[in-house]
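Here is the structure we will look at.
What follows draws every value from the coordinates through simple rules; no lab data is involved. None of these values were measured; they are calculated from a predicted model. With ideal geometry, Cβ positions are generated from the backbone for all residues, glycine too; neighbour counts draw on all protein chains shown.
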Amino acid sequence: MDKMWSGRFSAGASNLLDQFNASIMYDRKLYREDIEGSLAHAAMLAKQGILTHEELKQIKEGLSQVQKEIESGEFEWKISDEDLHMGIEKRLTQLIGDTGKKLHTARSRNDQVAVDFRRYVLRKNLEIAEAIKLLMEAILEVANKHTETLIPGMTHLQHAQPINFGFHLGAYLSMFKRDVERFEISFARNNISPLGCAALAGTPHNVDREYTAELLGFDSVSVNCLDTVSDRDFALEILFNISTMMMHISRLSEELVMWSSYEFGFIELSDEYSTGSSIMPQKKNPDVPELLRGKTGRVYGALVGLLTVMKGLPLAYNKDTQEDKEGVFDAVETAEISLEILKEAIKTMQVKPQNMEKACAIGHLSATDLADYLVEKCGIPFREAHFITGRAVAKGEELGVDLSKMEFKDLKEIDDRIQEDVMEYLGLRHSMNARTSQGGTSSERTKEQLEYFKDYLNTD
Ligand code: ARG
């Protein structure tokens, strides 16, 4: 019968209930947010004359002692205390006596947990955004070196048009920039204080919610207490942000896996970030990008898990909501290590430009250029030009020659309107550099795009 809420109970909780009900073994991660929240709440109570200044002083000293005990590992986390809020308050009361029991005036664990968890999630939104920027810097560095390196641009995983490797990586920079923005916008949208909502309906005590909001770094105070104590949109948002970011990471990872194969041979991951096989001595496996691809699945699981927990919950707080934390903690940690290791793998990988360029010599990558030539130089309607080019490709297949290497006489045979100047159009580098429209792959346009990302990373 040592529970804080045991007043109305005549029998103690079963051990099984304690184990089932407790969140203390994982929500203890929020101890700093919890102590900061209590300090702000106590300061406000003192300012409003609800606590004396002497009591505030005792609470501050007591909480600082609790924090020391937690950080030195002395603190005893007990399942029977249920959650960190009660564990910390109980220890505070042991340390400072009855004053400790006054701290919870005008507060409930419902607004307390909403403050703690929200502040953790807000902080992680910003930390992850910064980590994405470091990954972007690593990608940008490789991209800058390869604005002239030809690589087959693909659709349907089939050779489509020649592009440069810097341009290819620029696509990922675009994705990751959107991710950074998503985390930052979530931070701004959710930076609202729940403190002072108490259990669900507010409190009759004369609290100053603006004051605690300011002390805790929130931009404003929430509007409706009933919503606030049961709102977990901020947690869903970070899970969605992480899921989308991991989806981008998994796409890049898939390409790294493919590019590391003998069939592609476009890159080689460093020994530091590759693994071997226990049976096949020759193997060098891309475990890092494979695991990144795989971990994307578990992050999606956390998002769908919490969406499902929240579905159909009546207002306001329900214990179901306690299930919000483990998935978020896991997803956040997965995001952090994933960003870090992907950055290192990219920094240390070896790019093989010769193999990339060799791969461009198959698959008639300049076919669209021949069609464009027929339109531009011969005034042939595009549909007809498409057909004539198809004939040329078929001829190339028959001769076993890529369109970029075909002889003029063979082309002339297909359509007499084709002139000698066609040969320039069929060159792969010419094809890549011809795409000068805004956002296109020409080396000049690529450099412009990479400059844009450089400015973004330096100024933001
Ligand atoms: N451990 C709880 C959670 O994480 C704290 C809030 C509990 N409130 C309550 N009235 N049972 O959601």
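How large is log10 I(q)/I(0) at q = 0.18, 0.20, 0.21 Å⁻¹ when the Debye formula is applied to the Cα atoms of the stretch 180-310, each weighted equally and without solvent?
Listed by q, the Debye log ratios stand at -1.00, -1.11, -1.17.
Going Cα to Cα from LYS447, which lysines come in below 22 Å? Please leave out same-chain ones fewer than 8 positions away.
Cα-Cα hits under 22 Å: LYS133, LYS145, LYS177, LYS343, LYS347, LYS352.
Return the inverse of the average 1/r over all pairs of distinct C-alpha atoms in the stretch 116-231, which is the Kirkwood hydrodynamic radius, in Å to one decimal. Working shown, then result.
Numbers: mean 1/r = 0.0571 Å⁻¹.
Final number for the Kirkwood radius of the stretch 116-231 is 17.5 Å.
Pairs of alpha-carbon atoms within less than 8 angstrom and 6+ residues apart define the contacts here; what relative contact order does the chain have, in percent? Before the final figure, lay out the partial values.
Values: 641 pairs, mean separation 74.0, N = 460.
Relative CO of the chain lands at 16 percent.
Of all DSSP beta bridges in the chain, what percent run antiparallel (nearest 5)? List each step's numbers first, then the result.
Working: 9 of 11 bridges.
Beta bridges within the chain, antiparallel portion: roughly 80 percent.
Would you kindly compute the Cα radius of gyration of the stretch 99-155 and its largest Cα-Cα separation (Dmax), both in Å?
Expressed in Å, the Cα Rg and Dmax of the stretch 99-155 come to 23.4, 72.
Per DSSP helix of 4 or more residues, -39500 (n - 2.57); summed, then divided by the residues of the chain. What does that give at 222 nm, rounded to the nearest 500?
Working: 19 runs with 287 residues, N = 460.
Value at 222 nm, helices only: -20500 deg cm²/dmol.
Can you list, bin by bin at 10 Å, the percent of alpha carbon pairs in the stretch 345-444, starting at 0?
15, 43, 28, 10, 4, 0
Going by a 4.7 Å Cβ-Cβ cut-off, which cysteines of the chain have no partner at all?
Unpaired cysteines in the chain: CYS360, CYS378.
Counting pairs of alpha carbon atoms under 8 Å apart in space and at least six apart in sequence, what relative contact order in percent does the stretch 235-330 give? Spell out each step's value before the answer.
Values: 90 pairs, mean separation 31.9, N = 96.
About 33 percent, as a whole number.
I need the Debye-formula profile for the chain: one equal scatterer per C-alpha, no solvent, reported as log10 I(q)/I(0) at q = 0.09, 0.14 1/Å, two decimals.
-0.74, -1.24
Over all alpha-carbon pairs of the stretch 18-105, lay out the pair-distance distribution in 5 Å bins, whole %, shortest bin first.
Bin by bin from 0 Å, the calculated values are 3, 15, 26, 24, 17, 9, 4, 1.
Among the aspartates and glutamates, which have Cα under 12 Å from the Cα of LYS101 when same-chain residues fewer than 8 positions away are ignored?
Result set, ordered by chain and number: GLU55, GLU89.
Can you tell me, using C-alpha contacts under 8 Å and at least 6 residues apart, the relative contact order of the stretch 77-162 as a whole percent?
Computed over the stretch 77-162, the figure is 12 percent.
Among THR149, VAL393, LEU292, flag the residue with its Cα farthest along the positive direction of the charge dipole of the chain, charges on Cβ as +1 for Lys/Arg and -1 for Asp/Glu.
The residue sitting most towards the positive pole is LEU292.
Give the aspartates and glutamates whose C-alpha is closer than 14 Å to that of LYS377, dropping any in the same chain fewer than 8 places away, or say none.
Here the aspartates and glutamates satisfying the reach criterion relative to LYS377 are ASP369, ASP415, ASP416, GLU420, ASP421, GLU424.
Work out from phi, with θ = phi - 60° and the Karplus expression 6.51 cos²θ - 1.76 cosθ + 1.60, the ³J(HN,Hα) of each residue of the stretch 305-314, listed in order in whole Hz, and give x for Gly and Pro.
x, 6, 4, 6, 4, 7, 4, x, 5, x
At 0.36 nm per residue, minus the direct Cα-Cα distance, what do GLU340 and ASP455 gain on full extension? Give it in nm, one decimal, please.
39.2 nm
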